[in-house]
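What follows is a single structure, written as structure tokens, with notes after it.
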Amino acid sequence: MTEMKVISKRFGKINPVSVEEYSSMGGFAGLKKALYMERISIIEEVEKSYLRGRGGAGFPTHIKMMGLAKETNTPKYIICNADEGEPGNFKDRNIMEKDPLAIIEGMTITAFATGATEGYIYIRGEYQAAMRTMFEALENARKANYLGQNIFKTNFNFDIRIRSGAGSYVCGEEFALIESIEGRPGRTRVKPPFPTQKGVFNQPTMISNVETYANIPVIITMGGSEFRKVGTPSSAGTKLICLSGNTNNKGVFEIPFGVPIRQVIDEFGGGIKNNRKIKMVQLGGACGPIIPEYMLDMKIDYERFEEFESKTGAGAIIVMDDRFDIFEIILKTIHFFEHESCGKCVPCREGHKQLELLIRKFRDKQATMKDLDSLESLARVMHQTSLCGLGQTSPTAIISSLRYFRDDYIDRIDHPVNL
Amino acid sequence: MVNLKINNTPMSVKEGTTILNAAKQYNIKIPTLCNYPELHINSECRVCVVEIEGRKGLVTSCSTQVQEGMHIITNSPRVINARKTITELILSNHDANCNACAKNMSCELQNLSNILGIDQARFPSVLKLQPIDDNNPSLVRNPNRCIKCGRCIDVCKSVQSVNVLEIMGRGQSMQITPAFGRYLSDDFCTFCGQCSSVCPVGAILEKDETDKVWKAMHDESKRVMIQVAPAVRVSLGEELGMAQGSIVTGKIVHALKLLGFDDVFDTDFTADLTIIEEGNELIHRVTNGGVLPMMTSCCPGWVSFAETYYPEVLPNISSCKSPQQMFGALAKTYYAEKLGINPNDLYVVSVMPCTAKKYEAQRPEMRVDGKNQDVDVVLTVRELGKMIKQMGINFDSLEDMPFDNPFGITTGAAAIFGATGGVMEAALRTVYEVVNKKPLENINLTDVRGLEGIKEATVNLGGTDVKVAVAHTLANARIICEQIKAGTSPYAFIEIMTCPGGCIGGGGQPYGTTTAVRQKRLEALYTVDGVMKIRKSHENPSIVKIYEDYLVKPLGEKSHHLLHTHYHKRHHDKSPKEKNVMATY
């Protein structure tokens, strides 16, 4: 099997910041077409394509667009979430560094369809190279009148500015990101109101992932129904997969939805280094589930991922071989979230430390049956009651491993009384 | 209307109602912690979670609005377990040494743990002890008890617009503190104490000074006197288990006598005196082209707010001391002379609804001899309540007793000082009659009463209509000050009180002050006013007498020395104080 290059078709083939080279490979065709379409029919095309958010949660994009289009309060904002902080994910960085104009085009089409006039790209603080490329691409797009006043001699105005934080993970959460753009510390807000109602500067705002916007020009160019032909019923189109860990090859690969995980690992990853056995695979990133080897025939598909109740859809596949202790992995994960929690709500602020203490006991073979109960209960409570996505998804590694690696837990219990 | 079911009880509530309020309307209790009426909903504690049938996660009932056909369960095992777990998590990072905490038995976290039946610490304590900030005269901030609910930030920001407290750090090391972990005193705090009155636990408390009072009382060489502020008479009962808004003036006098105070006086007396001085100052400013609008000066929180944030309006503020300090000055001069004792042997205590009064008493300007404080110790209503409990006094059943003389005969005008608009009303009752030389027909100036943020009224003084305004909370004071700065203020006289509702909502009042409670205390104060024989300050015979005997005339030389003061721009203290000078735990 080879990659299905739709989003990544220009990767490495053009000077990423050149408007001419981008246009020569189909770039800006979508925008040119969109500008002569009815605004509503652009959203209808997106609806037909059934594009779902590529940031992980998989929220249907047309619903967000419709929500924003319906708001009468102006100005409206379009935000591109490029705060790719999830460990194991590097696809957004690839798009920004290799085809930034596709993001600009996608955002501009979205803005035109929804009546937004201002845009922000919020780029992760560590992505300095991506920021520079993006900046140049924006300059060039502006010079070529793909951004700015009266785009293509229409009365449509739209411009994009770059914003960046200091590298806090939680700023990838939509409201924390909005707070950060406004100049405040990245802490989420209470929902409702949702961003499409009251987002940045309390104005209607649509916020989506880099890859989502990169899909928009493709959909407009080829048509929503054509787009939907690729993939599975619940997940249309292609997906950039970030493969990392103990595979021979690592990197970003574009595949249609529906391909089994094992196929990605074997064919793109070229198998496991030194022919070791796979112990576990973490999907989506640090906030994703840890699954055992026997589940790898599972297809990459939003519907299939929904059972994990996590942001599995971001597309990371982290492969770990049999040298690794699951508790070391979980401990690292939880430690990461403990450090990145904003501290606003109780379950996330206080819960991670307690999870860490409990997992430490399992790692050191000092746990009791009671600890197992506590761990399970605490992880679920955090998942169900945390204020934002961080605390809701961070216990996923624990919840999933309790399901698929329960024996490992029991093994670490000092004198299990009843199994 | 929206139809829904909570715990199988069908109900119908207005659209936009939160689940929490819908439940409340139908007598279903959902425990809460960070939620406080009147403050913003921040959903930080997550204690009020409930289950909605058909949804996977739990939602916070304080922030989720009802929807048609919703079926909500507030007490399923999943919900109870979540609530319990969350509370246990809070306890794991809280200095839960409850017996050694002033909030013992009135702590909302303690109460919550009790309701949820938490009987063991499931999660080990991860508390890292931090230094305590008690480097100011009014408040003690103990970060070890802080549960980061955010109420203090909200009250400081949205009610008072002072913004001293903020979140610092993240994750478990997140703290609520003045910027850069400084002292409250270094960070433009006005010491209004509203944070202490909304704190659910004992993380911000008034500085307890009851020990000093006990010590003075047992010191044979001291004559200990106490003054009782107007607002105390309608709130102390609450602190001691009586109904909200109970009028307990006579019981307070009796209890204070039992505690052992030699003289029990009424701050109302010097409130009347304030009206005479301030009223005359207003007339003087109007007739001599002085700085207008004139602003009241009885509220120390407001004065320090103006000194820090609006030094431009300092010339507008009346030079009168507050009633508390007028009392202190007279006690240490007039009364000491009258008794023929050394003023240093007089120990002046006041009981105030206020934490900023502690700061005011320590101001260098408030010392007639230039050295010793005129008012030695200020107690809040809560502290006095504690003393009465300590002495085993059954407050409720005490017989009424009258205040001692000479500072005991007072008027209705003085009593309403405790309510927003009260000083204005009292002043107008006097100024109107002095200027117009005819009796005021309707003595109840209802335009300036009530809990509206900024109130306006017009009075005819000497043939011209004069506009006056009344503002409470510092956020409203800010609006008034901005008008003055811009030169657009249409008023001649403005009353400003720091706390919502005036002193009856003060930072030193019993816990749990909400609009409903404020309303009850307000009504009680106007009842006190209504039944008084004398309701105008200038008709107070004791006031007439003190001018004859001692002060000679309003704004006279003696008054100037004893009853008036001046203000300074408050500079930010830039000296970097090391953290380790703070009292450590």
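The values are calculated or read from the model by the stated rules, or taken from the named source; none is laboratory data. These figures come from a predicted structure and were not determined experimentally. Heads up, the Cβs are rebuilt from the backbone with ideal geometry, glycines too, and the neighbour counts pull from every protein chain shown.
Quick rundown of the values:
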| quantity | calculated |
| --- | --- |
| Residues being exposed (fewer than 15 other Cβ atoms within 10 Å of the Cβ) and of a type in the set (G, A, S) - total across the stretch A:239-280 | 2 |
| B:S92, sole failed condition from (1) within 9 Å of another protein chain (Cβ to nearest Cβ); (2) surrounded by fewer than 19 Cβ atoms within 10 Å (Cβ to Cβ); (3) modelled with pLDDT of 95 or more | (2) |
| Criterion (under 29 Å from the mean Cα position of the chain (by Cα), assigned to a helix (DSSP H, G or I) and of a type outside the set (A, V, I, L, M)) met by exactly one of B:N42, B:N104, B:N111, B:N35 | B:N111 |
| Hits in the stretch B:426-448 (condition: assigned to a loop (DSSP other than H, G, I, E, B) and of a type in the set (D, E)) | B:E441 |
| Matching option when the condition is modelled with pLDDT under 95 and out of contact with any Gly (no Cβ under 7 Å at 6 or more places or on another chain), among B:V303, B:V286, B:V351 | B:V286 |
| Residue within the stretch A:297-320 that is part of a loop (DSSP other than H, G, I, E, B), more than 14 Å from chain B (Cβ to nearest Cβ), surrounded by fewer than 24 Cβ atoms within 10 Å (Cβ to Cβ) and in contact with a Pro (Cβ under 7 Å, 6 or more places away or on another chain) present | yes |
| The stretch B:45-55, residues that are at the interface with chain A (Cβ under 9 Å from one of its Cβ atoms) and in a loop (DSSP other than H, G, I, E, B) | B:C45, B:R46, B:V47 |
| Matching option when the condition is touching a residue at least 24 places away in the same chain (Cβ under 8 Å), away from chain B (no Cβ under 11 Å) and either among the aromatic types (F, W, Y) or within 15 Å of B:Q172 (Cβ to Cβ) (or both), among A:I330, A:I334, A:I359 | A:I334 |
| Test result for A:C348, within 11 Å of another protein chain (Cβ to nearest Cβ), outside any helix (DSSP H, G or I) and surrounded by 22 or more Cβ atoms within 10 Å (Cβ to Cβ) | no |
| Candidate set: the stretch B:56-73, residues that are within 14 Å of chain A (Cβ to nearest Cβ) and more than 15 Å from B:I41 (Cβ to Cβ); chosen: the one surrounded by the fewest Cβ atoms within 10 Å (Cβ to Cβ) | B:K56 |
| The stretch B:113-138: number of residues that are within 11 Å of chain A (Cβ to nearest Cβ) and in contact with an Asp or Glu (Cβ under 7 Å, 6 or more places away or on another chain) | 3 |
| Among (1) touching a helix residue (DSSP H, G or I) at 6+ places or on another chain (Cβ under 7 Å); (2) not in a helix (DSSP H, G or I) - the single one B:R382 does not satisfy | (2) |
| Filter pass, A:G258 being of a type outside the set (A, V, I, L, M), more than 14 Å from chain B (Cβ to nearest Cβ), assigned to a loop (DSSP other than H, G, I, E, B) and touching a Gly at 6+ places or on another chain (Cβ under 7 Å) | yes |
| Residues that are assigned to a helix (DSSP H, G or I), buried (at least 18 other Cβ atoms within 10 Å of the Cβ), free of Cβ contacts under 8 Å to residues at least 60 places away in the same chain and more than 21 Å from the chain's Cα centre (by Cα), drawn from the stretch A:97-151 | A:L138 |
| Matching helices (runs of 4 or more DSSP H) fully within the stretch A:361-419 where at least 1 residues are out of contact with any helix residue (DSSP H, G or I) (no Cβ under 8 Å at 6 or more places or on another chain) and among the acidic types (D, E) | A:369-385, A:406-411 |
| Pairs with Cβ under 9 Å, 6+ apart, first in the stretch B:113-125 and in contact (Cβ under 8 Å) with a residue 60 or more places away in the chain, second among the charged types (D, E, K, R) | B:I115/B:K29; B:L116/B:R83; B:L116/B:K84; B:L116/B:E88 |
| Flag if B:S297 is out of contact with any Cys (no Cβ under 7 Å at 6 or more places or on another chain), within 27 Å of B:S161 (Cα to Cα) and among the small types (G, A, S) | no |
| Helices (runs of 4 or more DSSP H) wholly inside the stretch B:137-256 that include at least 3 residues being within 26 Å of B:K520 (Cα to Cα) | B:151-154, B:194-198, B:236-239 |
| Selection count, the stretch B:449-485, where residues are over 29 Å from the mean Cα position of the chain (by Cα) and part of a loop (DSSP other than H, G, I, E, B) | 2 |
| Restricting the stretch B:247-303 to residues that are surrounded by fewer than 24 Cβ atoms within 10 Å (Cβ to Cβ) and among the small types (G, A, S), the residue that is farthest from the chain's Cα centre (by Cα) | B:G289 |
| Helices (runs of 4 or more DSSP H) contained entirely in the stretch A:1-81, each with at least 3 residues that are touching a residue at least 12 places away in the same chain (Cβ under 8 Å) and farther than 25 Å from A:G389 by Cα | A:29-34, A:39-49 |
| Filter result (closer than 23 Å to B:L58 by Cβ, part of a loop (DSSP other than H, G, I, E, B) and not aliphatic (A, V, I, L, M)) within the stretch A:158-196 | A:E173, A:R187, A:T188, A:R189, A:K191, A:P192, A:P193, A:F194, A:P195 |
